[in-house]
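Since every read-out is calculated from the coordinates, none of them should be taken as a lab result. Keep in mind that this is a model prediction, so the values were computed, not measured. Methodologically, a virtual Cβ is constructed for each residue, glycine included, from the backbone with ideal geometry; neighbour enumeration extends over all protein chains shown.
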Amino acid sequence: MSLIIAGTMAFDAIETPFGKTDKIIGGSATYAAWSASHFTNSIQQISIIGGDFPTEEIDALKAKGVAFDGVEIVQDEKSFFWSGKYHMDMNTRDTLITDLNVLAKFNPQVPNSYQGSEFLMLGNLMPSLQKQIITQLTTRPKLIIMDTMNFWMDIAMDDLLETIKLVDVIMVNDGEARQLSGEYSLVKAAQKIMSMGPKYVIIKKGEHGALLFHGSQIFSAPALPLEDVYDPTGAGDTFAGGFIGHLAKTNDISFENMKSAIIIGSAMASFVVEKFGTERLKEINDKEIQDRLNQFVKLVNFNI
């Protein structure tokens, strides 16, 4: 099943307690595409990049089945750049540099070749741009997923609420769920967010796993305890890519299959943090993914 992924393709410079990088490839759509490509080879990318974005990176994604018809390349300008420094807990970070560059003029267009796609993943973007992509689709996908963040809740809440009405699944972290809903209890927060439009709410809790809500149903997925965590950048986007990639592969959007997709997303996120940037996502194979999924099964399997 074909899958549209919209979001940023960028450069990052990252410092954690365990290392430091110069400019490396990043961006929400980049992480999501690499993750989803392990499950489907029919991915249609929507983004904007400068002429400085490496050709070899584009070729590598194309080789994994990622179409670039919807990626605008502004040859004489620079790609979006973000630099950040993580604290020892790896959950908090300081943004050091944010250069929007070409992202400041991003006007996403859905190519004719993308029309009819069954799945749409909206990575973290300005809510008005997310809505712009949805409204360009002549046939509504069977599932629309959006990611968002507290920044948009601070500066574009009205646009965010309009976009939320149009999607089936929303992904937020626990702090964002509380801010969006005004509720401290994550159960009440999810119920409030579902009343805004989405049928499903996924609340990401970092090293503590994720929660999936649908009506009165709740599923709790663990995070795999890891010996080595070098870089949490892109973990949420990688989670989203694994989640939507599995749904596109199976063409099954039932709550039961979403439970499997949550575990698969968590497994993919557990890989990406083991090295800086997208490096680990490029290395792993099907056997490693299955072995990691088996670890998740063992982690939660018990009898009473």
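With the chain treated as a Gaussian network of Cα nodes joined by springs under 10 Å, which of ASN285, ASN251, ASN101 yields the largest mean-square fluctuation?
Maximum fluctuation in the GNM of the chain, among the listed residues, is at ASN285.
Which percent, to the nearest 5, of DSSP beta bridges fully inside the chain are antiparallel?
In the chain, DSSP labels about 40 percent of beta bridges as antiparallel.
For the range 1-114, what proportion of DSSP beta bridges, expressed in % and rounded to the nearest 5, is antiparallel? It would help to have the intermediate numbers written out before the result.
Values: 11 of 28 bridges.
Expressed as a percentage, antiparallel bridges in the range 1-114 total about 40.
Using Cβ contacts closer than 10 Å as the measure, can you line up THR163, THR55 from fewest to most? Intermediate values should be presented prior to the final figure.
Working: THR163 28, THR55 8.
Exposure proxy ranking, most exposed first: THR55, THR163.
Could you tell me which of the pairs LYS188/LYS298; LYS142/LYS259; LYS165/LYS259 are separated by over 20 angstrom between their Cα atoms in the structure shown?
Working: LYS188/LYS298 30 Å; LYS142/LYS259 18 Å; LYS165/LYS259 23 Å.
With Cα atoms farther than 20 Å apart: LYS188/LYS298; LYS165/LYS259.
Would you mind giving the average projected area, over all directions, of the Cα convex hull of the chain in nm² with one decimal?
Seen from a random direction, the Cα hull of the chain projects 15.2 nm² on average.
In the Gaussian network model of the chain, springs joining C-alpha atoms below 10 Å, which of ALA156, ALA269, ALA261 carries the largest mean-square fluctuation?
ALA156
Along the charge dipole of the chain, Cβ charges K/R +1 and D/E -1, which of ILE263, THR16, VAL66 sits furthest on the positive end?
ILE263
Tell me, what does the Kirkwood hydrodynamic radius of the range 85-168 come to in angstroms if you use every pair of distinct C-alpha atoms?
That comes to 14.6 Å for the range 85-168.
Work out how much length GLU288 to LYS23 would gain on full extension: take 0.36 nm times their residue separation and subtract the Cα-Cα distance, in nm to one decimal. Can you show the working numbers first?
On the way: separation 265, 0.36 × 265 = 95.40 nm, distance 2.77 nm.
Residue separation times 0.36 nm, minus the Cα-Cα distance, leaves 92.6 nm.
Please give me the summed charge of the neighbours of GLY123: other residues whose Cβ is under 11 Å from its Cβ, Lys and Arg +1, Asp and Glu -1.
For residues surrounding GLY123, the net value is -2.
What lysines sit close enough to LYS282 to cross-link, taking a C-alpha to C-alpha distance under 21 Å and skipping anything fewer than 8 places away on the same chain?
LYS20, LYS23, LYS62, LYS64, LYS249
For q values of 0.12, 0.16, 0.20 Å⁻¹, compute log₁₀ I(q)/I(0) with the Debye formula on a Cα-only model of the range 24-182, without solvent.
-0.57, -1.05, -1.54
Helix-derived [θ] at 222 nm for the chain: sum -39500 (n - 2.57) over DSSP H runs of at least 4, divide by residue count, nearest 500? Don't jump to the answer; show the numbers that get you there.
Details: 11 runs with 113 residues, N = 304.
Rounded to the nearest 500, it is -11000 deg cm²/dmol.
Pick from HIS214, HIS246, HIS38: which residue has the top mean-square fluctuation in a GNM of the chain where Cα pairs under 10 Å get a spring?
Largest GNM mean-square fluctuation: HIS214.
Can you list which of the chymotrypsin sites (Phe, Trp or Tyr not before Pro) found in the range 214-304 are DSSP loop residues with at most 16 other C-beta atoms within 10 Å?
Those that pass, being in a loop and sparsely packed, are PHE302.
At a temperature of 25 °C and a viscosity of 0.890 mPa s, determine how fast the range 17-59 diffuses translationally according to Stokes-Einstein, using the Kirkwood radius over alpha-carbon pairs as Rh; express D in µm²/s, rounded to the nearest whole number.
199
Give me the distance in nm between label points sitting 7 Å out from Cα along the Cα-to-Cβ direction at LEU226 and THR95, one decimal.
About 2.3 nm, to one decimal.
Would you mind ranking ASP69, ASP52 by Cβ crowding within 10 Å, fewest neighbours first? Provide the component values of the computation, followed by the final result.
Values: ASP69 13, ASP52 16.
Lowest to highest Cβ neighbour count: ASP69, ASP52.
For the range 153-224, what is the convex hull volume of the alpha-carbon atoms per residue, in Å³?
In the range 153-224, the Cα hull volume divided by residue count equals 79 Å³.
Mind running the shape call on the range 190-304? Use the C-alpha gyration tensor, a ≥ b ≥ c as the square roots of the eigenvalues: rounded below 1.5 for a/c, prolate if a/b tops b/c, oblate otherwise.
Here the range 190-304 falls in the prolate category.
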